[in-house]
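Heads up, the thing below is written out as structure tokens.
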Amino acid sequence: MPVLASFPEPLAPFVARLEALTEALTLPEAAREAWWASFWEPQPLAGRINPLRTAQGEPEPDGEAVTRAAATFALPIRPAFAAGAPLPHPLAAWSFVAEPHARTTLTHSAPFQDGTITLQSLSSQWAVWLLDPQPGEEVLDLAAAPGGKTALIAAAIANRGRIAAVEAVKPRYFKLRAELARLGVTCAQTYLADGRTIGHKTPQRFARVLLDAPCSSEARIRFAAPDTWQHWKPRKVREAARKQLALLRAAWQALAPGGTLVYSTCSYAPEENEWVVAQLLAEAPEAEVVPPRWSPPCAIPGLASDAIPATCSPRRLPDLTPAHAAQLGHTRRVLPAQGFTGFFAAVLFKHHQTLADDAHA
């Protein structure tokens, strides 16, 4: 592959792992080349209008709010989705994209300072679209900092309901509180706590749970920017996977029967994605990975357990029932394209009884 002709020497293990993953994903050559080329390109820039800071209480149906804001405030933004095209979620009408070099212009603008707009990747917004919280519900955002997804949940429910936003790291916790204040969130309570303890403290309480888990941030790696990869190590991937599983167990315990949990990362590593989900499925017979209501065109199904490269498996994968094994294909890995950044997401539904019991009911 021409785009692999050169890369930073410390990233040789990362490149070897990613080569194995691209083979396992059986991508068309064009998609493979585009994925690898993305490591030399700047991160896409995206954001959204914040309905909690606008006069209108509901999302515009066709993205006119973005066009209007661009004209009113002279902002270099444009709607993320074409006018008249079906929207993946009503809130997507507020989503915008911009050129990467416009970041400073946007963050120094008055609409950003007062919370009328905010920067947030389309992939991060997608995680909340998948969660689809409803007004009046009680929602848990585990590992909530820096607060963009918490604020989007609040926008989705129009500040009607309750969000428990949990963050374990003190500096990030204060960033979370500041961000929620900037964006006009009034329905969230913030907690400085280890997310791994939440399941025991609030068992089966929340209608919806979002776990955008701390990860190795592989999708943010840019070969020309050492600050994006200098801390990456295979060991970090393994450590992240162990912490992610502990957080997912806690999140699942906190989810009420009949509820929905979205698990996501900005890593490509199967250890942090399919392996974590597979482990939960092996432990929770009442769990079901359901197909996402909408996926970006650049998203591909997750790997089946027998397709995960040996170089990307921290240990033997758990034995799954045939039904659970097939459900790994309902997870989605987003490749960077069309304004979306690299991402992984799984939507899990919690049955009132095990799937086997449901089948014989």
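From the list THR150, THR72, THR116, THR107, the one residue that fits, being in contact with a Ser or Thr (Cβ under 8 Å, 6 or more places away or on another chain) and of a type in the set (Val, Ile, Thr), is THR116.
Of the residues screened, LEU210 is one that is part of a strand (DSSP E or B) and within 20 Å of the chain's Cα centre (by Cα).
From the list ARG235, ARG222, the one residue that fits, being in contact (Cβ under 8 Å) with a residue 12 or more places away in the chain, in the same structural domain as GLU138 (by TED's automatic domain parsing), over 27 Å from ILE153 (Cα atoms) and surrounded by fewer than 20 Cβ atoms within 10 Å (Cβ to Cβ), is ARG222. Considering each residue of segment 310-331 in turn, none proves to be part of a strand (DSSP E or B) and at pLDDT 95 or above.
Scanning segment 154-163 for residues that are in a helix (DSSP H, G or I) and touching a Cys at 6+ places or on another chain (Cβ under 9 Å) turns up just one, ALA154.
Residues in segment 107-151 that are farther than 22 Å from PRO336 by Cα and assigned to a helix (DSSP H, G or I): 7 in all. Looking only at residues of segment 140-163 that are β-branched (Val, Ile, Thr) and buried (at least 24 other Cβ atoms within 10 Å of the Cβ), we find that the one that is farthest from THR54 (Cα to Cα) is ILE163. A Cβ distance below 9 Å, combined with a sequence gap of six or more or placement on separate chains, defines the contacts here; from segment 260-273, residues that are over 15 Å from VAL290 (Cα atoms) reach residues that are at pLDDT below 95 and charged (D, E, K, R) in the pairs TYR268/ARG17; ALA269/ARG17; GLU271/ARG238.
Consider segment 164-198 and keep the residues that are hydroxyl-bearing (Ser, Thr, Tyr) and in a helix (DSSP H, G or I). The one that is surrounded by the fewest Cβ atoms within 10 Å (Cβ to Cβ) is THR197.
Figure legend. Inter-residue proximity from segment 298-320: first residues more than 29 Å from GLU33 (Cβ to Cβ) and charged (D, E, K, R), second residues surrounded by fewer than 18 Cβ atoms within 10 Å (Cβ to Cβ) and at pLDDT 75 or above, beta-carbon distance below 7 Å, spacing 6+ or different chains. Indicated pairs: ASP319/ALA282. Here PRO292 does not fit the description of being of a type outside the set (Phe, Trp, Tyr), surrounded by fewer than 16 Cβ atoms within 10 Å (Cβ to Cβ) and either more than 20 Å from LEU21 (Cβ to Cβ) or at pLDDT 85 or above (or both).
The values are calculated or read from the model by the stated rules, or taken from the named source; none is laboratory data. What you are looking at is a predicted structure, and each value in this text was computed from that prediction instead of being measured. In this analysis, Cβ positions are derived from the backbone assuming ideal geometry, glycine residues included, and neighbour counts consider all displayed protein chains.
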